[in-house]
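Colleague: Just passing along the structure, written as structure tokens.
The values are calculated or read from the model by the stated rules, or taken from the named source; none is laboratory data. Remember, predicted model here, so these are calculated numbers, not experimental data. We place every Cβ from the backbone using ideal geometry, glycine too, and count neighbours over all the protein chains shown. All accessible areas refer to the heavy atoms of the entire protein, side chains included, with ligands and DNA or RNA removed. Shrake-Rupley method; radii C 1.70, N 1.55, O 1.52, S 1.80 Å.
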Amino acid sequence: MSVKFNVALLAVTAALFAQSAFSQGHEKAFGRKGDPKKVSRTIDVDLSDAMRFAPAELAVKQGDTVRFRLKNSGKVMHEMVLGTMPDLKAHADTMRKDPDMHHHGAANMVHVAPGKSGTLVWQFTNPGEFHYACLVPGHFEAGMVGSIQVAP
């Protein structure tokens, strides 16, 4: 097999892994897609070109269905991806290798264009510490990460 074929095969495998890890609608360690009719709390989050989320630390209760209202106050694309830190690190690595990767409507992420707003509804079904990050190449590495404490 050629080196080009092996590289292409590796890229496809990484993309399929990321798609399955962030697939729509399935239960994850940090929860599942929330029902917009059952929102128990709304949290406003600003995404900025300082490569920060505001707020960067959140606390919710197990079972809460949260509507995140996201505002990109910057001049570049940002996103919010919910996950465990190992999943986010793996996805960030995949995004660096394939920045044009499509996510096919994954329920735990939303892209927000500069000056625009977006919404993400998520139900936190398990207690623990989880995270959210911007996985646009370079943003995660620059510190665009937040934490969510889910209390039982």
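Colleague: Note the full-extension length gain between GLN62 and ARG96 as 0.36 nm times their separation in residues minus their Cα-Cα distance, in nm to one decimal.
Modeller: Using 0.36 nm per residue and subtracting the Cα-Cα distance, I get 9.0 nm.
Colleague: Kindly give the semi-axes, whole Å and largest first, of the ellipsoid equivalent to region 58-100, taking each as the square root of 5 times a Cα gyration tensor eigenvalue.
Modeller: 24, 18, 7
Colleague: For a paramagnetic label modelled at 7 Å from the Cα of GLN149 toward its Cβ, which residues of region 61-95 fall within the zone defined by backbone nitrogen distances under 15 Å?
Modeller: 61-62
Colleague: OK, next. Counting only other residues whose beta carbon sits under 15 Å from that of THR119, what net charge do I get with K and R as +1, D and E as -1?
Modeller: +4
Colleague: First measure r as the distance between the Cβ atoms of GLU129 and SER40, then evaluate 1/(1 + (r/R0)^6) with R0 = 30 Å and state the FRET efficiency to the nearest 0.05.
Modeller: Between GLU129 and SER40 the formula returns 0.90.
Colleague: Moving on. Please give the contour-minus-distance gain from GLU27 to VAL76: 0.36 nm per residue of separation, less the Cα-Cα distance, rounded to one decimal in nm.
Modeller: Once the chain is fully extended between GLU27 and VAL76, it gains 14.5 nm.
Colleague: Sticking with this structure for a sec: Could you do me a favour and compute the accessible area per residue for region 39-146, 1.4 Å probe, result in Å²?
Modeller: On a per-residue basis, 45 Å².
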